[in-house]
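Trainee: First, the structure itself, so that you have it in front of you.
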Amino acid sequence: MRLELLTGEQALVRRSELVGVYREAFTGPPWHEKEDAVVAFHDRLTADAGRPGFRAVLATGSGKSCGFGTAWPTAAPFPTGRSYGKVLAALGPTRTAELLVGALEVDELAVAPHARGQGLAGRLLDLLCDQRRSWLLTSPSAPDAVRLYERSGWLRVGEDPDVVVFVRPERTTGVWRCSEQAETR
C-alpha cells in the first residue's frame, strides 16, 4: 500500500481518484449516500483544496486508489453550515473554541470496502494529522468508525444524536497534549 501526502493543487489533479473512493466508501452501509452526495463532495473538494493549510493523503494499492483523507486547520471564528452547528451544540462555544479552533480538522476519511480491515484508516489518519492537534466527527450510527477512533487514541469530547466529536491531542516528546487532558503514552 502506498500513501501519498498531497497539497491542494495535487489533490485537484487527483480529484477523480478521490471522488471514486468517496463513492465506493459512502454509497454503501452505514452511510447509504446517493449520487448527489458524491457530486457535492466533488464540489466541496474543489473549494476546500484552496483553503489555507489544506492537505490530503491518498492510498493506492494494486494500481487502484483505495483510501484518502482530507484536512485543514479550523478557522476562527468557528464555521457555520454543514455539521458545525451540531458540533457547537454538542460542545458549547467555550469548549469548541478551546478544543477545535486552530486544530487540524479532518473533513473526510474514506476507505474503499475492499481495503478495509487492514489498518489503512489508522495509517491515513497518522500521516494526515502528522502528530498535530486534530479533530473530527462521525455519526453514532457508524460504530466501526467510532471504534476505530477510540482504538487509535482519539478522545471523545462530545456528542448529540447525530454526531460524535473526537479530538486527537498534539503529540510532543511522548506526551499527548490537550486542554482537557495530558497523558503519557
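The values are calculated or read from the model by the stated rules, or taken from the named source; none is laboratory data. Please read all numbers here as calculations on a predicted model, not as lab measurements. All Cβ positions, glycine included, derive from the backbone under ideal geometry; neighbour counts span all protein chains shown. Surface areas here come from the heavy atoms of the whole protein model, side chains and all, with no ligands, DNA or RNA. Shrake-Rupley method; radii C 1.70, N 1.55, O 1.52, S 1.80 Å.
Trainee: Looking at region 117-144, which of its residues are assigned to a helix (DSSP H, G or I) and over 23 Å from R95 (Cβ atoms)?
Mentor: Answer for region 117-144, where residues must be assigned to a helix (DSSP H, G or I) and over 23 Å from R95 (Cβ atoms): L120, A121, G122, R123, L124, D126, L127, L128, P143, D144.
Trainee: In region 155-167, what count of residues is obtained for those that are over 12 Å from the mean Cα position of the chain (by Cα) and open to solvent by less than 70 Å² (accessible area, probe 1.4 Å)? So that I can check it myself, show each step before the final result.
Mentor: Let us first name the residues in region 155-167 that are over 12 Å from the mean Cα position of the chain (by Cα), namely 155-164.
Of the ones still in play, those that are also open to solvent by less than 70 Å² (accessible area, probe 1.4 Å) are 155, 157-158, 160, 163-164.
Matching residues across region 155-167 total 6.
Trainee: I'm checking my understanding of the structure. Among residues of region 84-105 that are surrounded by 16 or more Cβ atoms within 10 Å (Cβ to Cβ) and not in a helix (DSSP H, G or I), which one is nearest to the chain's Cα centre (by Cα)?
Mentor: Out of the qualifying residues, it is E105.
Trainee: Which members of region 52-62 meet the condition of being assigned to a strand (DSSP E or B) and open to solvent by 50 Å² or more (accessible area, probe 1.4 Å)?
Mentor: Answer for region 52-62, where residues must be assigned to a strand (DSSP E or B) and open to solvent by 50 Å² or more (accessible area, probe 1.4 Å): there is none.
Trainee: Still on this structure: Would you please name the residue that is farthest from A75 (Cα to Cα), looking only at residues in region 124-143 that are open to solvent by less than 10 Å² (accessible area, probe 1.4 Å) and in contact (Cβ under 8 Å) with a residue 40 or more places away in the chain?
Mentor: Only one residue tops the list, namely A142.
Trainee: Is it the case that S65 is in a helix (DSSP H, G or I), out of contact with any Ser or Thr (no Cβ under 7 Å at 6 or more places or on another chain), more than 24 Å from V167 (Cα to Cα) and among the hydroxyl-bearing types (S, T, Y)?
Mentor: No.
Residues are listed down the side, and each one gets a yes or a no for (1) within 15 Å of L128 (Cα to Cα); (2) surrounded by 14 or more Cβ atoms within 10 Å (Cβ to Cβ); (3) of a type in the set (S, T, Y); (4) touching a Phe, Trp or Tyr at 6+ places or on another chain (Cβ under 8 Å):
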residue: G8; (1), (2), (3), (4): yes, yes, no, yes
residue: L18; (1), (2), (3), (4): yes, yes, no, yes
residue: V21; (1), (2), (3), (4): no, yes, no, yes
residue: D36; (1), (2), (3), (4): no, no, no, no
residue: D43; (1), (2), (3), (4): no, no, no, no
residue: G50; (1), (2), (3), (4): no, no, no, no
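Trainee: What pairs come out if I take residues in region 111-123 that are closer than 14 Å to G69 by Cα and pair them with residues that are of a type in the set (F, W, Y) whose C-beta lies under 6 Å away, six or more apart or interchain?
Mentor: none
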